Amino acid sequence: MPQEPTTPAPGPPGVLRGWLDALAVVLAGIAAMAAVAALGLWAAGADSLPGGGFPYVLAGALALAVGGSVQLDGGAGFFAQVDAGITAMPLSVGLVGALVMAEVFLRQLRFRAVAGGVELLGRVARTAAVWVVALVLLTLAARHTFVVPLGNDLAQQLGGALGLTPEIGFHAEGVSTVGLGLLWLLVVLALTFAVSRRAPLPRGLVPFQQAVRPAAFAMLLVLLVCVAAGLVAGLVTAVVHGNARETLALLLLALPNLVWLAFGLGLGAQWHGHLVGALGLPVPDALSSVLRGPDGQQATIDLGSLAEQNGLVWLLLPLAAGLLLAAGFLTAYRSPRGVRLWQHAVRLGAAAAVTMLLVGVWSRVSAAYGLSVLGVGAGEGGLGDLLGSVLGDTSPAASLGGGSLSLSPQLWVAVPLAAAWGVVAGLLGGLLAAGRGRRGEIPADDS
């Protein structure tokens, strides 16, 4: 009986096809991030910046989204000086870019059950090379200088008499944008292979992937559920309170910054920070109040300090615990048969620790800006307004010449704490999944 011809499995891509695949991944990610950031900046009021500065501010936002930093400088000699800088990741932008890039990268491998190590390394290397070029171009684009009035009659007259033209500019720092941006991509691709069933690996790494994937996928779902819940709450807030544009800016720029912070706080983690001036976005009042410590001193952000402002904050504890318990159940349910209970616990504990580490690093914020004109703050309508607009802060505090915001986690406490929660949730989840029929991806061998 004649045998039907078989279709050979697709082999590694050619040189040109490989570079086109890498270009597609990078372009898709940048396009997605640019769309989200543009809408968020528009909602924050950056479309009103003078001198056609919106595209340059957009480039700066993209640089921040992948881990870069932006410095602001300028002035008019001794007459007016600007001292400013910001290091903060707009995680809404970065999250969308990461999901899109991961999806495009995986779709290029959709017909492969197993891929060779050389091929995968080649794909990653080509994607990284194109990404570095894109980061360099982004760094070059994220710089602009504005020429603005000083904002009060006396300052304007003195400036005219001295022939001084006040300027304020900003630029993305090349080293941090390219270096940390490349690290961001490598982390995204590593997590893609750790989470997705569609990610083919060399045969020797398949057992490792099967061990890591259920817990990694469960923790990814926890983070996405947090974002989805925050999105719903934000939309309700926009309808009820009527601050639709400001809330939209928060959702499009910094939603994961808040909801992942809330998840970490629910597990008992602590952040330290302070706020002088205004945030410019409608964050919860409890967080804003705690950040405004006396005399700009560092404040401790935890469940206790936030609950002093709003007792409902205590609900974060059972919510975070419930999410981790669900992650423990899902980890055990998706794991291969034969995995022991203690292995579920250890794997989810490790995944929770890595998750908290990434959340802590990515949620760090450091922003400080100050403006002086002959030793005093510039008035309304001048350099202070422009500086506040560039930083997304259109509040009176920005107009008065300065402000600062810092937020950083206690990782040495948060990471072990998340690991302990993960171990407990893994044990309980494994017990719950034990009697649930099909538990795992690999069927039992009845022979």
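Numbers for the structure displayed
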quantity: Gained length - LEU221 relative to GLU308, 0.36 nm times residue gap less alpha-carbon distance; calculated: 28.3 nm
quantity: C-alpha center-to-center spacing [segment 199-271, segment 184-198] in angstrom; calculated: 16
quantity: FRET efficiency, 1/(1 + (r/R0)^6) with R0 51 Å, evaluated for ALA434 and ARG143 via beta carbons; calculated: 0.30
quantity: Whole-Hz ³J(HN,Hα) from phi, Karplus 6.51 cos²θ - 1.76 cosθ + 1.60, for segment 216-221, glycine and proline x; calculated: 5, 5, 5, 6, 4, 4
quantity: For segment 39-54, Karplus couplings with θ = phi - 60° (6.51, -1.76, 1.60), whole Hz, Gly/Pro x; calculated: 5, x, 5, 4, 5, 7, x, 6, 5, 8, 4, x, x, x, x, 4
quantity: Rounded to the nearest 10 Å², the accessible area of TRP342 at probe 1.4 Å; calculated: 140
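The values are calculated or read from the model by the stated rules, or taken from the named source; none is laboratory data. Treat the numbers as computed from the prediction; the structure is a model and nothing was measured. Cβ coordinates were reconstructed from backbone atoms using ideal geometry, including for glycine residues, and neighbour counts include every protein chain displayed. Note: accessible area is taken over every heavy atom of the protein model, side chains too, but ligands, DNA and RNA are not part of it. Shrake-Rupley method; radii C 1.70, N 1.55, O 1.52, S 1.80 Å.
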